[in-house]
Each structure stands twice: as structure tokens, then as C-alpha cells.
Amino acid sequence: VVPLGSGLLTKPTYVMERGAPGDATLRAAKKTHADLIVLGERGVERNLASPTHISDSMASRVVANAGCPVLTVHS
């Protein structure tokens, strides 16, 4: 996702974990002291039925519980 030669000040870290996706993502972010979590999210439209609806999707769980910013990308 990060183009070669983009001039980043730090090297991105890629982590693989086992377990439920939301829990594993939060655990890995905490373990690595993540500055940013980037998630691909499919079917976002169905989770936005109402502006006040709180979704139970994995991405919503991560956004609500992460200790750092979360960027969700519609895929």
C-alpha cells in the first residue's frame, strides 16, 4: 500500500496474528505501540443504515477500542 520511495520517516510494520479479527487487531496494535491502524472494510453501506446506528462490524469494534487513529478504506 505504501509506494516505494515515498520518503517515510519510519518504516511501516506489518503484523500477523491469530484469533478473532477485531481482537487480534487491537492486541497487535497494543503490542507494537501502533501509531495508525489501516483497515479495509467491505459492505460499509449496510452498516450506515442510520447516522446514530452503532455497527457491530469488526472495523467498528476496532475504531471504538483502538488506542490510536484508525483509517478505514472502503474496498
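The values are calculated or read from the model by the stated rules, or taken from the named source; none is laboratory data. Fair warning: this is a prediction, and the values are worked out from it, not measured in the lab. Using ideal geometry, Cβ is built from the backbone for each residue, glycine included, and neighbour counts are taken over all protein chains shown. Note: accessible area is taken over every heavy atom of the protein model, side chains too, but ligands, DNA and RNA are not part of it. Shrake-Rupley method; radii C 1.70, N 1.55, O 1.52, S 1.80 Å.
Can you find even one residue in segment 26-33 that is modelled with pLDDT of 90 or more, of a type in the set (S, T, Y) and out of contact with any Cys (no Cβ under 7 Å at 6 or more places or on another chain)? Let's see the steps before the verdict.
Residues of segment 26-33 modelled with pLDDT of 90 or more: 26-33.
With the extra rule that they be of a type in the set (S, T, Y), the set shrinks to 32.
Checking which are out of contact with any Cys (no Cβ under 7 Å at 6 or more places or on another chain) leaves us with 32.
Yes, segment 26-33 has at least one match.
Which residue is modelled with the highest pLDDT, if the candidates are limited to segment 34-59 and must be part of a helix (DSSP H, G or I) and open to solvent by less than 40 Å² (accessible area, probe 1.4 Å)?
As a first pass, look at segment 34-59 and keep what is part of a helix (DSSP H, G or I): 44-47, 58-59.
Still in the running and open to solvent by less than 40 Å² (accessible area, probe 1.4 Å): 47, 59.
Working: N47: 50, A59: 85.
Result: A59.
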